[in-house]
Amino acid sequence: MWESLFKKYINILFFLFLTIFKGNSQKPFFRSDKDQLWLSMDLHIHSVFSDGNVWPTIRVEEARREGLDLIAITEHLEYQPHEEDIPNPDRNRSFFVATESINKGEKLKVINGSEITREMPPGHINAVFVKDANLLLHEDSLSGIKEANKQNAFVFWNHPNWDEQRIDGIARLDQFHEYLIKNKLLHGIEVVNESTFSEEALQLALENNLTILGTSDIHGIIDWEHQIPNGGHRPMTLLNVENESEKSVKLALFEGKTVVWFKDLLIGKEENLKALIKSNLVFGHLKYIKEKLIVEVELTNKSMNSFKLEYLGDYSFHQRASVFSIPANNKIILKIKTITKKKEISLPFRILNTVIAPKKTLIYNFIIK
Ligand SMILES: [Zn+2]
Ligand SMILES: [Zn+2]
């Protein structure tokens with residue numbers, strides 16, 4: 001009897017060890033290839049230092065638990081509704097508080113940012129990688145934007161589709177924005193903000209070579225807004241960087257190497273989405289069984305997102321229609337009727353839950369040997 005009790009305790013201890021170990025080794029949202037690295041980031045977040053409802057350390061803990069690589073806490077510079085309780089004379093303070101709660105050597109990083117908060121035009125503008133947020137406080141918004149640029153910040157237009165500032169929900173440029181773009185003072189645009197996706201903002205990004213961004217703009221609690229415990233995730237930007245250094249992150253942001261992850265949608269420029277798909281939807285090798293002319297191949301989804309695929313080629317499948325889904329972190333076997341034995345085939349797929357331009361999805365041609 002003592003022996004079986006002992007065994008039971010050992011089993012429980014082992015289970016606990018596994019649970020703790022699992023908690024510390026979170027899977028990345030999307031897999032990176034050897035020659036590329038995808039970082040997950042949220043560059044638009046609020047705390048009680050502007051109109052958010054939590055202390056900055058909670059923002060760090062939320063991002064840590066969710067498994068993000070980088071966040072910017074971007075308080076409204078000019079809108080300080082908690083001023084009576086939190087006078088906040090130093091607009092860098094929430095960044096400092098957040099940074100102090102980052103452990104040495106941990107993968108999550110915090111960068112300094114601010115939201116320059118004005119009527120339309122230009123509306124709300126975020127600046128990240130700022131050196132001193134206090135210097136961005138100006139009478140007019142243009143001076144604040146110019147100061148952010150002087151500090152070599154990455155500057156982007158927040159929620160250009162916000163229905164409080166655009167009653168039709170359509171993102172469009174005013175002269176002010178054209179001026180900013182022409183003078184390289186504006187570098188990115190939110191295509192996804194909180195719970196909205198704007199096709200018009202995506203079009204503006206593509207036409208004006210602005211970096212495509214998706215952010216949570218969280219004011220409340222991430223778990224409540226995005227059902228994280230049930231497998232949800234916040235809207236975020238995935239960034240293709242050479243390495244994790246600040247220099248590399250900044251360069252990739254300015255070069256527009258982003259894909260936005262919003263619900264089960266992936267939104268980005270074609271070349272960036274192709275790079276992400278290449279590392280995350282992976283085919284194995286062709287395998288014919290005996291003399292049969294039906295080839296089997298394994299398809300692995302290495303990401304935390306499910307994919308909906310539509311096959312566009314001439315073959316037919318043995319067990320599936322031309323449209324099917326592959327769940328997150330999953331493998332399926334495709335049986336393809338190739339009529340004759342092939343050493344190599346190409347399978348063109350439309351990936352239905354991607355967006356590369358308004359009303360346009362990505363087509364990816366997989367070459368399989
Ligand atoms: Zn805003
Ligand atoms: Zn905001």
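Every read-out reported here was derived from the displayed coordinates using simple, explicitly stated rules and does not represent laboratory data. Fair warning: this is a prediction, and the values are worked out from it, not measured in the lab. Cβ placement follows ideal geometry from the backbone for every residue including glycine, while neighbour counts extend to all protein chains displayed.
Per 0.36 nm of contour for each residue apart, how much would the distance between Gln203 and Lys342 grow if the chain were fully extended, relative to their Cα-Cα spacing?
Values: separation 139, 0.36 × 139 = 50.04 nm, distance 4.14 nm.
Additional length available on full extension: 45.9 nm.
Stretching Thr361 away from Ser195 to a fully extended chain increases their span by 57.7 nm, per 0.36 nm per residue minus the current alpha-carbon distance. With each run of n ≥ 4 DSSP H residues scored as -39500 (n - 2.57), what mean residue ellipticity at 222 nm is computed for the chain after dividing by its residue count and rounding to the nearest 500 deg cm²/dmol? Roughly -7500 deg cm²/dmol at 222 nm, from the helical runs in the chain.
Report, to the nearest 10°, how far helix 199-208 tilts away from the longest principal axis of the Cα atoms in the chain, using its own Cα long axis and a range of 0 to 90°. The answer is roughly 80 degrees. Amide H to amide H, with H built 1.01 Å from N, Gly52 comes under 5 Å of Ser47, counting only residues 5 or more places away or on other chains. The modelled label-to-label distance for the pair Phe317/Glu119, using points 7 Å beyond Cα in the direction of Cβ, is 5.5 nm. Spin-label pair Glu310-Asn103: with each label point 7 Å from Cα along the Cα-Cβ axis, the two points sit 4.6 nm from one another.
Site pair Lys369 and Asp85 shows an inter-label distance of 6.3 nm when each label is modelled 7 Å from Cα along Cα→Cβ. Its alpha carbons considered, the chain gives a radius of gyration followed by a Dmax of 23.6, 82 Å.
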